[in-house]
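The next block holds one structure in the form of structure tokens; read it before the comments.
Read-outs: derived from the displayed coordinates by stated rules, not from any lab. Since we're looking at a predicted model, the values are computed, not measured. Note: ideal-geometry Cβ built from the backbone for every residue, glycine included; neighbour counts use all protein chains shown.
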Amino acid sequence: MRTYKFELDVIATDILVQASEGACKPNYSNTDFMNTLIIFQTALMDKMHDNQDFDNMPMAERMKMAKSCGEELRKIVFTYTGLDTHKAEKFL
């Protein structure tokens, strides 16, 4: 699987530079937001998997943890944005 390291470095650096220059709110569309969420969730799950490996966690616990993580992320997104990630039509 590609890591997108170069692309992520470019995007993150550009965002940080804009913020340091006092850039205003970026006005992300719902689709833009969902794209960033997909990237974040992929990175979160990758690091969670590393942590599970380190703890030698059994598969049943790994699955339970991954489900819980997804549910908590959905709740956070809804609480702070009003967007329900299970309603894809809102992101098209």
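For the structure I just gave you, tell me whether Glu89 is part of a helix (DSSP H, G or I) and exposed (fewer than 10 other Cβ atoms within 10 Å of the Cβ). When the stated conditions are applied, Glu89 passes them. When the stretch 2-43 is filtered for residues that are part of a loop (DSSP other than H, G, I, E, B) and either touching a strand residue (DSSP E or B) at 6+ places or on another chain (Cβ under 7 Å) or not small (Gly, Ala, Ser) (or both), the ones remaining, listed by number, are Arg2, Thr3, Tyr4, Glu21, Cys24, Lys25, Pro26, Asn27, Tyr28.
So which residues in the stretch 66-82 are within 14 Å of Gln41 (Cβ to Cβ) and in contact (Cβ under 8 Å) with a residue 12 or more places away in the chain? Scanning the stretch 66-82 gives Ala66, Cys69, Gly70, Leu73, Arg74, Val77. Of all residues in the stretch 39-76, those satisfying the criterion of being among the aliphatic types (A, V, I, L, M), within 17 Å of the chain's Cα centre (by Cα) and under 26 Å from Arg2 (Cα atoms) are Ile39, Ala43, Leu44, Met45, Met48, Met65, Ala66, Leu73.
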